[in-house]
Amino acid sequence: MQSFQSREEVDTRRLIIESASQQIDRKGIIGLRLADVARGANVSIPLISRYFGSRDGLLAAVLGDWYEGFTRMYRSMVDTWLESSDSLTLEEFAMLSPKPRNPDFKKAREFRLQVLAAAIENPELRNRISEISTESYRWILDVIRRGKHKLPEADRHFDERIFSLLLFNTMYVFTDLVPESALDDAEYSDFLTRLIRASSRDGKN
């Protein structure tokens, strides 16, 4: 009986999250209403409160899951590409950073900004994003160390802090908000390559 109840709770929670995600897609984060979520999941508002505590708790679950999915999608793409390459040029290595003109990433970046804004007033969501971001930063450092040995010897001695910062910043706020000064993908890749190469110094990190 306990096992069945546990499975039922898992299914109910999933239905609520799916309904909330659909409402956010239609009305945005600000427009999310528990009454709409309850109607979409065919549950009561008190039941939503039982699972998530409040609207903020529900947002923390839904947006936290989205944020984690966004980072894992990007990480999977990079890991697959890196593992399939026996050797790399610095220009290719710089392309690990998402491109500003990629329409898929542009949409995700815009929503990511909304999630980060919501986290300012939502401590539970902020803590979840902090945990995901910390894990992602450690992954970035690992990517750099896995990729450096595939570069030509002359290009292996760049400042890892610069590259980790470039990879970690996937929002391109400047590109999105100041379009007349924006770089296209080729210019952006060239800029990253020159910046990373300029950070090179004697000795390994």
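Please treat every number below as a calculation from the coordinates, not as lab data. Predicted, not measured: the structure shown is a model, and the values here were computed from it. Ideal geometry is used to build each Cβ from the backbone, glycine not excepted, and the neighbour counts take in all protein chains shown.
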Q) Along the charge dipole of the chain, Cβ charges K/R +1 and D/E -1, which of Pro46, Leu58, Tyr188 sits furthest on the positive end? A) Pro46
Q) Just going by the charge dipole of the chain, with Lys and Arg at +1 and Asp and Glu at -1 on Cβ, which of Pro123, Ala94, Ala108 is farthest out on the positive end? A) Pro123
**Q.** Global geometry of segment 92-160, whether rounded, prolate or oblate, following the gyration tensor of its Cα atoms and the 1.5 cut on a/c
**A.** oblate
Q: Mind giving me the nanometre distance, one decimal, between the label points for Ala186 and Asp11, set 7 Å out from Cα along Cα→Cβ?
A: 5.6
Q | Dipole magnitude of segment 61-164, debye to nearest 20 (Cβ charges: Lys/Arg +1, Asp/Glu -1, about Cα centre) | A | 200
Q) Given the rule -39500 (n - 2.57) for each run of at least 4 DSSP H residues, summed and divided by the residues of the chain, what is its mean residue ellipticity at 222 nm, to the nearest 500 deg cm²/dmol? A) -23500 deg cm²/dmol
Q) When a footprinting reagent is the concern and you count Cβ atoms within 10 Å, what order do Phe163, Phe111, Phe191 take, fewest first? A) Phe191, Phe111, Phe163
Q) Quick one: helix 103-120 against the long Cα principal axis of the chain, what's the angle to the nearest 10°, folded into 0 to 90? A) 60
Q) Percent of alpha carbon pairs in segment 1-116 separated by more than 20 Å? A) 55
